[in-house]
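The next block holds one structure in the form of structure tokens; read it before the comments.
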Amino acid sequence: MLVQQILKDKAGGDVVTVAPGSSVGEAAKTLSSKRIGAVVVSSDGKQMAGILSERDIVRAIGSNGPGCLADPVDSLMTSKIISATRDETVDSVLGKMTSGRFRHMPVMEGNQMVGLISIGDVVKAQLAELSMEKEALEGMIKGF
């Protein structure tokens, strides 16, 4: 299965962004209200400055205390982003996420962000693919 299929199947496919310079506290409120694990830091929703995850925030609070919530997202975000393309396979994306130990990956077309996928999206796609393969094999065995 390809990343483009995950994006197509993903409900509501909008990428949640926060503007550079926003506070970490504002980003945390967005994460909480949208019930998501990461936000993209972007001034226009297409060009990425970075990504900020709930893990980044928790680690900062653990290291620096709650005062870090007033800091700009730019100070905590990951700016060296590993991304995927629409024509990449699910296996390739899962490998990148596992080796990099991250859960969210932007999907890029050139320099433009076209989506954001999570490890949950990737696992769901793999399970759907395995289920289809299982049904096809059962059909062959049973002679359907």
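The values are calculated or read from the model by the stated rules, or taken from the named source; none is laboratory data. Being a predicted model, the structure only gives us computed values, none of them experimental. Here the Cβ positions follow ideal geometry from the backbone for every residue, glycine too, while neighbour counts run over all protein chains shown. Ligands, DNA and RNA are stripped out before the accessible areas are found, and what is left, the full protein with its side chains, is counted by its heavy atoms. Shrake-Rupley method; radii C 1.70, N 1.55, O 1.52, S 1.80 Å.
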Return yes when SER53 is modelled with pLDDT of 95 or more, open to solvent by less than 60 Å² (accessible area, probe 1.4 Å), within 30 Å of LEU127 (Cβ to Cβ) and not basic (Lys, Arg) and no when it is not.
yes
Could you go through segment 106-118 and let me know if any residue there is within 12 Å of the chain's Cα centre (by Cα) and hydroxyl-bearing (Ser, Thr, Tyr).
yes
Just one of GLY37, GLY21, GLY67 is in contact with a His (Cβ under 7 Å, 6 or more places away or on another chain), open to solvent by less than 60 Å² (accessible area, probe 1.4 Å) and modelled with pLDDT of 90 or more; which is it?
GLY37
Can you confirm whether segment 87-101 contains a residue that is among the polar types (S, T, N, Q), buried (at least 17 other Cβ atoms within 10 Å of the Cβ) and under 18 Å from the mean Cα position of the chain (by Cα)?
no
Could you go through segment 69-86 and let me know if any residue there is among the aliphatic types (A, V, I, L, M), under 16 Å from VAL122 (Cβ atoms) and touching a helix residue (DSSP H, G or I) at 6+ places or on another chain (Cβ under 7 Å).
yes
